[in-house]
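The values are calculated or read from the model by the stated rules, or taken from the named source; none is laboratory data. Note that this is a predicted model, so its numbers are computed, not measured. Please note: Cβ atoms are built from the backbone with ideal geometry, for glycine as well, and neighbour counts cover all protein chains shown. Just so you know, the surface numbers come from the protein's heavy atoms only, side chains and all, with ligands and any DNA or RNA stripped out. Shrake-Rupley method; radii C 1.70, N 1.55, O 1.52, S 1.80 Å.
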Amino acid sequence: MEYGMSLHQHRMKSRLFYIMVLLTGGLSMNEGINYLYSNYTQVLSDCPSVIDVYGARCWMEVVNEQFKTENLSTIFKSVEKLERVLENTALNETTSIIVERLVAHIFRTEGNFTGLNISASQETVTSDSDHVANTTVKVHLPKELLKAKENGTIVFCMITSLEKYGPLGVLDGRVVGLSVSKKTVFGLHDKVNFSMALQRPTVESEADKQPSCQFLNFSTNKFYQDGCTTQWRRDEGRVVCSCDHLTYFAVLMVSPSISESDQEMLSYITLIGCSLSLFFLVVTIFLYTTRRGTGTDISLKVHINLAVALILLNLHFLISQQVTALSSSGSCIYVAVLLHYSLLATFTWTAIEGFHLYLLLVRVFNIYVRRYLLKLSLVGWGFPAVIVIVIAIIDKDTYRRVTLHPSKTNGTAVEMCYLSNDVMKLVTTVGLFGLVFVFNLGMLAVTVRRLLSLHTEQMSGEKGRARRDTCTVLGITCLLGITWGIIFFSFGQLTTPGIYLFCVLNSLQGFFIFLWFCVFKWKAEDSQPGSDAHSTKT
């Protein structure tokens with residue numbers, strides 16, 4: 001608001017500004033709009049900081065005209081400025097403004113905000129009723145947007161332009177803007193939900209594509225799907241988007257990364273692989289506890305700790321999706337915490353496997369460490385616990401139900417109990433494993449070099465030595481978790497064969513460890529790198 005000028009004076013200035021442009025000099029309505037459009041930059045600089053409904057409509061007329069002639073870059077800038085104008089519109093009651101391809105709804109909140117539902121078509125928009133003829137967009141805004149007794153202005157703006165947005169793959173050329181005045185909203189726990197009709201003709205003409213909920217980044221003028229999940233409800237003919245922030249959104253028709261049959265096959269592979277791993281890991285623990293002569297082998301004890309971590313990981317992964325179907329949030333929180341903890345513990349114990357291998361192959365001599373196994377256990381089980389506790393302190397609601405991606409088979413979203421904060425998820429899983437992977441990859445290279453040097457020194461060689469060395473490398477590769485690193489060799493999104501390889505190798509990691517135990521710990525006659533002959537004393 002300009003200094004020394006009342007709100008009433010601002011409204012009068014805005015109204016006079018609008019009437020002057022349209023009517024002075026004998027201009028007709030269309031001529032006034034053309035003048036306003038051709039002098040858009042000047043209008044922007046002259047527009048007061050507080051504007052009334054007349055001025056807001058005036059701005060919408062300008063942007064509407066720009067869609068007919070201007071390029072996308074200019075239009076994106078205009079839409080971003082229009083969002084601020086609508087937020088600054090002064091009004092005493094909820095107001096709707098419709099200008100051809102633009103539909104705006106400005107909701108004035110008073111008192112305790114309990115959430116908001118908006119329904120819109122190209123001719124009508126309302127927040128009073130869900131019954132709107134030919135509804136194209138429905139929006140649900142959570143009460144988390146505003147604090148208790150906080151007043152504010154919520155802006156809904158739907159823009160439809162098939163000729164401009166259509167070439168970008170935007171469904172029906174329609175984008176939906178949501179904002180709250182004087183607030184930047186992001187990181188919502190209770191997400192914003194909006195749905196759009198997905199008409200059958202569109203689906204048939206885009207038979208090889210699927211919907212993807214994305215937001216418009218005005219800095220790059222590109223669409224991104226970060227913070228948004230997609231549910232394709234085929235039986236209802238709608239796409240439901242859930243996003244944790246407010247801005248302009250759209251549904252883009254994109255080519256799926258993998259086919260429907262591949263998705264189904266990968267689900268079965270993961271389920272069967274994890275179940276087999278869980279079973280054989282339990283068998284491994286049973287054989288270890290019942291077999292004599294293994295109590296002093298430190299290497300074997302390290303392997304057993306890794307096996308326990310993998311048991312926890314596979315167990316909680318397999319039950320996670322079923323737990324989400326329960327009404328109890330407490331059980332979901334428990335599974336989410338234990339799933340994240342067991343994943344971190346698995347990564348930590350693979351790092352300990354690499355460290356132990358370093359002592360055996362590089363240090364070799366003088367490697368006595370007092371209470372070695374106890375110290376390894378404190379790191380292997382304590383470090384992941386510290387991470388989980390810190391995350392829970394920073395954000396106690398981050399462990400909950402999360403939506404991963406829609407299932408194309410039945411049109412419902414795939415949900416599981418896990419860490420919901422994307423930043424924490426990236427740092428604690430991808431970041432942590434990245435460090436572990438680099439170190440363990442180096443240790444694998446050392447192992448291969450050591451085996452090659454031994455093979456060179458013994459040129460006569462034993463019968464079957466090369467085969468045993470190959471099995472040793474494969475076993476150590478499994479123990480060090482190198483197969484998880486396939487994701488780092490994708491240079492972007494994994495291809496379909498890469499996804500199959502990733503699922504097969506990692507879901508069966510427990511089974512491979514069982515084979516390693518059987519072949520090299522109880523059946524092998526000769527000592528191999530990492531075997532009993534090099535055990536570190538406790």
For the stretch 302-393, Rg(Cα) over 2.2 N^0.38 Å is 1.32
Compactness of the stretch 224-382 - radius of gyration and Dmax, Cα, Å: 22.0, 70
Per-residue accessible area for M253 at 1.4 Å probe radius, Å² rounded to 10? 20 Å²
Can you work out the Karplus-derived ³J(HN,Hα) for every residue in the stretch 300-310? Use 6.51 cos²θ - 1.76 cosθ + 1.60 with θ = phi - 60°, whole Hz, and x for glycine or proline. 5, 5, 5, 4, 5, 4, 4, 4, 5, 4, 5
Expected-Rg normalisation [2.2 N^0.38 Å, Cα atoms] applied to the stretch 69-169: 1.16
Pairs to check: K149/K222; K138/K209; K147/K209; K68/K222; K81/K209; K77/K396. Give those whose C-alpha atoms are more than 30 Å from each other in this structure. K149/K222; K147/K209; K81/K209; K77/K396
Starting from one equal scatterer on each C-alpha and no solvent at all, send me the Debye-based log10 I(q)/I(0) for the stretch 209-290 at q = 0.16, 0.26 Å⁻¹, two decimals. -0.76, -1.18
In nm, to one decimal, how far is the modelled label at R449 from the one at N92, with both set 7 Å along Cα→Cβ? 8.2 nm
